[in-house]
Amino acid sequence: MDLPALMPGTLYLVATPIGNLEDMTLRGVRTLRECDVVAAEDTRRSGQLLKHFGIARPMISYFQFNEARRSEEILERLKRGEKVALVTDAGTPGISDPGERVVRAARAAGLRVESVPGACALVAALTASGLPTEEFHFIGFLPHKSGQRRRQLEGLKGVGGTLVLYESPYRIVKLLGELVEVFPERRVVLARELTKKFEEYLSGRAGELLEVAKKRQLKGEFVVLVGGAAEAGPGEGVV
Ligand code: SAM
């Protein structure tokens, strides 16, 4: 197949694996190989990924605390006709990760932006969770402060679709405790370590999952899904 060359002056958002390196797409590899520069959330981490695929390209860092300055630099490069690939530590750039700012700036400047899709924890978790996928609401990370978290969760009570949250392993027990308070009857799914060796889906009421978390330390990365207001509650027991 004759593959089209990358377009000059284009920002490519390249999804990278969320655990399993086999999830790197062929197009993602080619984009990283053929771009002029890779803008990475963590150059050391993405450097390892590039090395794994035998790719050597110049890299610049692009992360939360230098997004404004680096966005300017990336825009200048695009205007000069460079092909810039943006990657984050894992998954799809712009989803609870840096990217949104430079995309908005590039679009506002009339520059070309293309998605090179691939792994995304929210889609992987939602589609395998057994919860309704027709309508869902991506919440991402809740704020850290207890009052703000509680208010945000309370505000989601009337939402009809499946709720999808990201949570760090250090706060998973705290989140389950909050879900017991706000959504005691809803079906909750913990999607843990997706695409990795210990991938696991735990499904039940928040209270039941909290009991599990007390008995065995739940480690790794989590997507937490909560059945929407329209969803029937689960039967008894963790599945
Ligand atoms: N941009 C990424 C994406 O496309 O999914 C998300 C980046 S965000 C900083 C990291 C969060 O995504 C983790 O705290 C966890 O909630 C979720 N996550 C990432 N990889 C995961 C995995 N392998 N299994 C479960 N959750 C994962």
So is Val239 in a loop (DSSP other than H, G, I, E, B), surrounded by 12 or more Cβ atoms within 10 Å (Cβ to Cβ) and touching a Ser or Thr at 6+ places or on another chain (Cβ under 6 Å) or not? yes
Residues in region 211-236 that are in a strand (DSSP E or B) and modelled with pLDDT under 95: how many? 0
What helices (runs of 4 or more DSSP H) lie completely within region 74-175 and have 1 or more residues being within 13 Å of the ligand (Cβ to nearest atom)? 100-108, 121-129
Within region 196-210, is even one residue surrounded by 19 or more Cβ atoms within 10 Å (Cβ to Cβ), assigned to a strand (DSSP E or B) and within 11 Å of the ligand (Cβ to nearest atom)? no
Here is a check on your reading of the model: is Ala105 of a type in the set (A, V, I, L, M, F, W, C), surrounded by 15 or more Cβ atoms within 10 Å (Cβ to Cβ) and farther than 29 Å from Glu22 by Cβ? yes
Select, from Ala230, Ala191, Ala213, the only residue that is in contact (Cβ under 8 Å) with a residue 40 or more places away in the chain, within 15 Å of the ligand (Cβ to nearest atom) and small (Gly, Ala, Ser). Ala191
Residue set Gly9, Gly47; condition open to solvent by less than 70 Å² (accessible area, probe 1.4 Å), farther than 18 Å from Thr92 by Cβ and touching a helix residue (DSSP H, G or I) at 6+ places or on another chain (Cβ under 7 Å); output residue Gly9
Kindly establish whether Leu13 is at pLDDT 95 or above and in a loop (DSSP other than H, G, I, E, B). no
Mind checking which pairs have a first residue in region 143-157 that is under 13 Å from Val180 (Cα atoms) and a second that is assigned to a helix (DSSP H, G or I) and open to solvent by 90 Å² or more (accessible area, probe 1.4 Å), Cβ under 6 Å, 6 or more apart or different chains? none
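The values are calculated or read from the model by the stated rules, or taken from the named source; none is laboratory data. Since the model is a prediction, treat every value here as computed from it, not as a measurement. Positions of Cβ are backbone-derived with ideal geometry, glycine not excepted, and every protein chain shown enters the neighbour counts. When the accessible area is computed, the model is the full protein with side chains, heavy atoms only, and any ligands, DNA or RNA have been set aside. Shrake-Rupley method; radii C 1.70, N 1.55, O 1.52, S 1.80 Å.
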